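Asker: Before I ask anything, here is the structure I am working with.
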């Protein structure tokens with residue numbers, strides 16, 4: 001699945017979750033559309049829904065890089081003679097930011113190749129390739145015929161600032177005239193995914209009660225997506 005398909009699938013999943021959590025959503029079919037994300041029939045009128053995420057974009061983007069490195073390293077390692085399935089856990093150091101994906105992947109594949117027969121070990125000597133602060137190489141389980149390559153990174157939830165939410169709304173609000181050419185009413189659904197991991201933020205209910213926003217959408221809705229539940233809050237206009 002490419003990045004665009006994955007994005008569209010998530011947008012639909014979030015919109016369906018918002019519909020289950022909030023009865024104001026019409027029950028018709030969500031029809032993918034451009035430039036909006038979805039069109040929806042609402043008692044004879046066309047409702048357009050645009051979906052956006054509330055998160056710290058750089059942290060989210062940075063989190064996508066380690067899996068690419070590990071995937072490429074695993075492929076490079078598996079292509080070598082006498083490789084075999086292994087368990088690998090790696091943590092990246094700050095120096096990894098200035099190294100390319102191929103450089104990091106080749107270094108990790110070489111390290112794993114050199115230590116693949118050491119047995120289960122965390123190799124805590126600190127003698128890791130540049131860009132890594134920890135690498136463990138172990139034996140894969142008998143059931144795992146391809147091995148497992150994992151990255152370990154920390155994440156924390158940050159309390160969302162009003163300015164972050166305001167900027168997400170303003171970015172989409174610039175396109176409202178374009179959206180209205182396709183739909184008689186347009187809503188913005190902002191997704192606050194508190195299960196996102198790196199880049200996630202947490203909007204406090206008491207903040208939402210006092211914040212006011214400028215927008216030209218008919219409605220701006222915030223999906224608070226937590227563990228085991230979802231809640232939709234309609235944001236107040238300034």
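Asker: From the helices alone, meaning DSSP H stretches of at least four residues, give me the mean residue ellipticity at 222 nm for the chain, per-run term -39500 (n - 2.57), in deg cm²/dmol to the nearest 500.
Answerer: Working: 6 runs with 79 residues, N = 238.
Helices in the chain give a 222 nm mean residue ellipticity of -10500 deg cm²/dmol.
Asker: Between helix 57-78 and the chain, what is the angle of the helix's C-alpha long axis to the longest principal axis, kept within 0 to 90° and rounded to the nearest 10?
Answerer: 40 degrees
Asker: Another question, if that's okay. Sort 106, 214 by Cβ crowding within 10 Å, fewest neighbours at the top. The partial results should precede the final answer.
Answerer: On the way: 106 17, 214 10.
Exposure proxy ranking, most exposed first: 214, 106.
Asker: Also: Output the antiparallel fraction of DSSP beta bridges having both residues in region 63-151, as a percent to the nearest 5. Each step should come with its number before you reach the end.
Answerer: Details: 8 of 12 bridges.
Of those bridges, close to 65 percent are antiparallel.
Asker: Further question: Quote to one decimal, in nm, the extra length available between residue 83 and residue 234 on full extension: 0.36 nm per residue of separation minus the C-alpha distance between them.
Answerer: Separation in residues times 0.36 nm, less the Cα-Cα distance, equals 48.9 nm.
Asker: Just need the relative contact order of region 63-151 here, percent rounded to a whole number, with Cα pairs under 8 Å and 6+ apart.
Answerer: It comes to 43 percent, rounded to a whole number.
Asker: Oh, and also: Hey, what angle do you get for helix 162-173 against the long axis of the chain, alpha-carbon based, 0 to 90 degrees rounded to 10?
Answerer: Roughly 70 degrees, rounded to the nearest 10.
Asker: Can you tell which of 30, 99, 195 shows the greatest fluctuation in a Gaussian network model of the chain with Cα springs below 10 Å?
Answerer: 99
Asker: Continuing with this model, one more query. Express as a percent, rounded to the nearest 5, the fraction of DSSP beta bridges in the chain (both residues included) that run antiparallel.
Answerer: Roughly 50 percent of the DSSP beta bridges within the chain come out antiparallel.
Asker: Below 8 Å between Cα atoms, with a sequence gap of 6+, how large is the relative contact order for the chain in percent? Walk me through the intermediate numbers first.
Answerer: Working: 402 pairs, mean separation 54.4, N = 238.
Taking the mean separation of contacting Cα pairs over the length of the chain, I get 23 percent.
Asker: How large are Rg and Dmax for region 63-151 when calculated on the C-alpha trace, in angstrom?
Answerer: In Å, with Rg to one decimal and Dmax whole: 12.0, 37.
Asker: Can you give the FRET efficiency for residue 211 and residue 23, using 1/(1 + (r/R0)^6), R0 = 22 Å, r = Cβ-Cβ distance, to the nearest 0.05? Don't jump to the answer; show the numbers that get you there.
Answerer: Working: r = 23 Å, r/R0 = 1.06.
According to the calculation, E is roughly 0.40.
Asker: Rounded to the nearest Å, what's the spacing between the alpha carbon centres of region 1-53 and region 139-189? Just the number, please.
Answerer: Using only Cα atoms to place each centre, the spacing works out to 15 Å.
Asker: Can you tell me the orientation of helix 3-21 relative to the chain, as the angle in degrees between its alpha-carbon axis and the longest Cα principal axis, to the nearest 10?
Answerer: The angle comes out near 50 degrees.
Asker: Return the distance in nm (one decimal) between the two label points of a simple spin-label model at residue 150 and residue 101, each offset 7 Å from Cα along Cα→Cβ.
Answerer: A separation of 2.3 nm, rounded to one decimal place.
Asker: Computed from the coordinates I sent, Cα Rg over 2.2 N^0.38 Å equals one of [x] 1.13; [y] 1.29; [z] 1.02. Tell me the label.
Answerer: [y]
Readers should treat all values here as calculations from the given coordinates under stated rules, not as data from a laboratory. These numbers come from a predicted model, not from an experiment. Note: ideal-geometry Cβ built from the backbone for every residue, glycine included; neighbour counts use all protein chains shown.
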